[in-house]
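Participant: Below is one structure. I have some questions about it.
The values are calculated or read from the model by the stated rules, or taken from the named source; none is laboratory data. Treat the numbers as computed from the prediction; the structure is a model and nothing was measured. A quick note on method: Cβ atoms are made from the backbone with ideal geometry, for glycine too, and the neighbour counts reach across all protein chains shown.
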Amino acid sequence: MLHLFNTLTGTRELFEPLDPPTVGMYVCGVTVYDYCHVGHARSALVFEVLRRYLEYSGYTVRFVKNFTDVDDKIIARAREQGVSCEAITNRFIEAYYEDMERLGVRRATEEPKATEHIGDIIRLTETLINKGLAYVVDGDVYFSVAHYPAYGRLSKRRLEDLQAGARVEVDERKRHPMDFALWKRSRTDEPSWASPWGPGRPGWHIECSAMSLKHLGETFDIHGGGMDLIFPHHENEIAQSCGATGKEFARFWVHNGFVQVNHEKMSKSLGNFFTIREIFAQSEWPEPVTGEVLRYFLLSTHYRAPVDFSDRALKEAKNALNSFYDLFERLKEPSTIAAHDHGDLNGVIERAQTSFVRAMDDDLNTPMAIAALHGLRGEVNKLLANALSSQGRMQARQAFRTMGKVLGLFQLEAWQFGASCAGSSVHDAGHQHEGLAPGSARLSDDEIERLVKERGEARQRKDFKKADEIRRTLSALGIIVEDKPDGTSRWKR
C-alpha cells in the first residue's frame, strides 16, 4: 500500500483517502508571467506521476492545479511590454500548455485562475476578519499570525525566531513583522476589483486557499508543490484555511526537491535556469532532447532529493531509453516458437510488477521503479536469446507499456521514438514511417542495402551496440528493418 512522506508530520505515512475511491489533490501551479523552466517541469511530472499511480492503484483522482494570473511580477512584465496583464497571462498560459504537451503531462481535472475566484477570496477574507484573525489598514488586509498559535507547524519554525530574523524594511503598519497580505489596496495602473475595503486585488497566499476550498472542500487528501513553497506560501495557506474553517486543511503535504545546476538551486532570480522550450530547442544541445528523455532524467532521482541538471545526464537518459526501445523493436520480430511456449516469461513479469509496485508504494520511489523495468528488460533479452513466441513477445511489450504508463514512458513505437530523437515530432515521424516525408529519400536503395548488410555483419560478430545504432539511424529516417528467423533481414520504407 502507498506510503508518502508527509512534510506536516515529518514522517512517512500510510496513505488512505478520506472518501475512497476518490482522492482530492491540490498542487500549486505557475505564476504566468514567463516561460516555465526545468524546476516547473519537475514539479509537474512528480505530481502527475503521483496522480497516475493513484489511478493505477484503482483510485479516481480529482486533481486541481491553479494558475496565478494576478501578481506583482505579472504587473511589472505588462508595464515593461506596454500591454495588459491579461495579454501577458494569456500568452504564458498558452505557452505552459505547449510545454506540458511536449512533456506528456495531462491537464488537471480543474485548472482555476485566481481572477476567476475573486468573490471566493473576498468571502474568505471577510471570515478571517470576523474571527479576529485579520485586520484592515488603509484598504489593505493582513492576517495576524500572533492570533494563530499553530503558525510554523509545517516549516517547523517558531514565531519568535521568525520575528527576530525579520528584515528591517517590513511594513510598519503591520502588527507583527510576519503578518501577510490577504488583500492589497489598488495602486495606479494595477488591476483591481471592488471589495468591502475598497478597490484592490488578492494577496498570493489567499488565492490558493480560496480555490482549494472551493474545488475540494474544507479538508482534502494531498497538497503538493516544490520545497521552496513550504515557507511562507504553504505555511500561510494552512494558517488562513484552518483559521477560517476550524478544520484540518490538507492531510498530506508532499514537496518535491529542487533542480540544481552545478549543485546550486536553479531559479530565475539566480539566472541559472533553462526554460523547457530551450531544452527542446535542437541547437542548444549536442543531440535533440525529447519530452520522454526529459521525463526519464527527472524521474531517475527520487522526487524529494535534489537533481543536478546537465547535458551529460540527458544523454545518459537518452541512452537508457534507447536500450528499451531497441528491445521493443526486437519484440516485434516474427517467431517460429509455439504460442504456448513462453518459457519463464510469466514469472519474470510478475516479479517485475511486484518490484515496481513495491518501489512506487515506498514514497513514490521512481528510481527503484525504473530499476525494476531495467531488470525486466534484462530478463526479456535473455528469453529472446533462447527464443520467445510471438504471443509472448506481445505479452512482454504490454507489460512494459502498462508499467511505463505510470511514469509516462514507453508509449511510443520504436520508430516514433527514433524519429523524435532525430529531431522530428511524432506526427512528422508518422509521415516518415509512411514514406511521405523527405527524410527517407535521403538514402538510396543501395545505401540502405549497404547499411542493412553492415548491421547483419555486426550482429554475426555479436556487436549488438553497432547493430542497434544502425537500426536507430534507419528508423529515424522512416526505414523499418525486419529480422527473419533464418538470420537475414529485410527492410521497407
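Participant: Which pairs turn up if I take residues in segment 180-206 that are free of Cβ contacts under 8 Å to residues at least 60 places away in the same chain and on the phi < 0 side of the Ramachandran plot and look for partners that are part of a loop (DSSP other than H, G, I, E, B) and of a type in the set (D, E, K, R) with beta carbon separation below 7 Å, at least 6 apart in sequence or on another chain?
Facilitator: Pairs that qualify, where the first residue is free of Cβ contacts under 8 Å to residues at least 60 places away in the same chain and on the phi < 0 side of the Ramachandran plot and the partner is part of a loop (DSSP other than H, G, I, E, B) and of a type in the set (D, E, K, R), are R185/D138.
To keep it simple, each residue is scored yes or no on (1) buried (at least 18 other Cβ atoms within 10 Å of the Cβ); (2) part of a strand (DSSP E or B).
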site: L54; (1), (2): yes, no
site: G58; (1), (2): no, no
site: V64; (1), (2): yes, yes
site: K73; (1), (2): no, no
site: E86; (1), (2): no, no
site: T115; (1), (2): yes, no
site: V141; (1), (2): yes, yes
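Participant: To continue, here is another question. Does H215 meet the test of being of a type outside the set (S, T, Y), buried (at least 18 other Cβ atoms within 10 Å of the Cβ) and at pLDDT 95 or above? Outline the logic, then answer.
Facilitator: Values: of a type outside the set (S, T, Y): yes; buried (at least 18 other Cβ atoms within 10 Å of the Cβ): yes; at pLDDT 95 or above: yes.
Spelling it out, H215 is indeed of a type outside the set (S, T, Y), buried (at least 18 other Cβ atoms within 10 Å of the Cβ) and at pLDDT 95 or above.
Participant: Anything in segment 304-349 that is touching a Ser or Thr at 6+ places or on another chain (Cβ under 7 Å) and either among the hydrophobic types (A, V, I, L, M, F, W, C) or within 21 Å of E48 (Cα to Cα) (or both)? List them, or say none. Step through it out loud before you land on a result.
Facilitator: Step one: list which residues in segment 304-349 are touching a Ser or Thr at 6+ places or on another chain (Cβ under 7 Å), which gives 307, 317, 334-335, 337-339, 341-342.
Passing the criteria: V307, A317, I337, A338, A339.
Participant: Determine, yes or no, whether R157 is modelled with pLDDT under 95, farther than 30 Å from E292 by Cα and buried (at least 17 other Cβ atoms within 10 Å of the Cβ). Steps first, please.
Facilitator: Values: modelled with pLDDT under 95: yes; farther than 30 Å from E292 by Cα: yes; buried (at least 17 other Cβ atoms within 10 Å of the Cβ): yes.
Answer is yes for this residue.
Participant: From the residues in segment 103-113 that are out of contact with any Lys or Arg (no Cβ under 8 Å at 6 or more places or on another chain) and crowded, with 17+ Cβ neighbours inside 10 Å, which one is farthest from G291 (Cα to Cα)?
Facilitator: Here the residue is K113.
Participant: Of all helices (runs of 4 or more DSSP H) completely enclosed by segment 375-456, which ones contain at least 2 residues that are more than 29 Å from the chain's Cα centre (by Cα) and either polar (S, T, N, Q) or modelled with pLDDT of 80 or more (or both)?
Facilitator: On the way: elements: 390-407, 414-421, 426-433.
Correct list: 390-407.
Participant: Next question. Scan segment 1-43 for residues that are in contact with a helix residue (DSSP H, G or I) (Cβ under 6 Å, 6 or more places away or on another chain), among the small types (G, A, S) and in a helix (DSSP H, G or I) and jot them down.
Facilitator: Selection gives A41 alone.
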